[in-house]
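Everything on this sheet refers to the single structure shown next.
The values are calculated or read from the model by the stated rules, or taken from the named source; none is laboratory data. These numbers were taken from a predicted model, which means no experiment stands behind them. As a convention, Cβ positions derive from the backbone with ideal geometry for all residues, glycine included, and neighbour counts pool all protein chains shown. For the accessible areas, the whole protein counts, side chains as well, though only heavy atoms, and no ligand, DNA or RNA atoms are used. Shrake-Rupley method; radii C 1.70, N 1.55, O 1.52, S 1.80 Å.
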Amino acid sequence: MRRLLLALLIGLLGFPSAVMADTETAVFAGGCFWCLEHDLEDLPGVVEATSGYSGGHVDSPTYRQVSAETTGHQEVVEVRFDPAEISYGTLLRSYWRNVDPLDGDGQFCDRGDSYRPVIFTADAAQAREVEASAQAAARELGLPRSSLKVELRDAARFWRAEDYHQNYAELNELKYNFYRFSCGRDRRLDAVWGASARRGDEWSDASETSQNP
């Protein structure tokens, strides 16, 4: 909803496109893109979160193709953010704590390559920050870095998903909430991350956490 209001405001007031020029982009795969979009789009400093596909070999993929596991694409969310309001590192912490980093074969009830967790990095600076965040996440969980199954990859072309997938959690609240509960997403997040689940707070080390993945 916020992104719709922002676009409307820009149109009404005639703001030039340069107003949006200082934003940066992050691309994350973390299971169902409805959920990840919902979890990231309202963070302060996030301008827009868009569901889509990336990482595969098929141009203009459809949901049917991706979910059939024939394209190599993952369901992803492209996050456009203002680095003056939210750092990439803070966004990464929110990402990690909204996925199960110990599961590389899918996420929660969704299995298969298209649901694998992946962080797509735009450049060397993002890649360095992602690796540092992975090491911090492992320390917080009290596990070796090798236990984390989130893949780190160079960015690939992002393909926007069909319109009915966009802002799904808000436009289809009952269906979304039923799906999320049935899939066990929040139960597993709580089991893995404990009190830090779904939060972008600073990393803590293993001695300060009590969760048992």
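Selection of segment 43-62 for residues being more than 16 Å from residue 23 (Cβ to Cβ), open to solvent by 10 Å² or more (accessible area, probe 1.4 Å) and in contact with a helix residue (DSSP H, G or I) (Cβ under 7 Å, 6 or more places away or on another chain) yields only 58. Taking the stated definitions as given, is residue 127 surrounded by fewer than 19 Cβ atoms within 10 Å (Cβ to Cβ), in contact with a strand residue (DSSP E or B) (Cβ under 9 Å, 6 or more places away or on another chain), more than 14 Å from residue 36 (Cα to Cα) and free of Cβ contacts under 8 Å to residues at least 40 places away in the same chain? Answer is yes for this residue.
For segment 171-205, the tally of residues that are touching a residue at least 40 places away in the same chain (Cβ under 8 Å), surrounded by fewer than 16 Cβ atoms within 10 Å (Cβ to Cβ) and of a type in the set (D, E, K, R) stands at 5. Among the residues of segment 98-144, those identified as over 19 Å from residue 25 (Cβ atoms), among the small types (Gly, Ala, Ser), part of a helix (DSSP H, G or I) and under 16 Å from the mean Cα position of the chain (by Cα) are 114, 134, 137.
Taken together, the residues in segment 140-162 that are more than 17 Å from residue 94 (Cα to Cα) and open to solvent by less than 30 Å² (accessible area, probe 1.4 Å) amount to 1.
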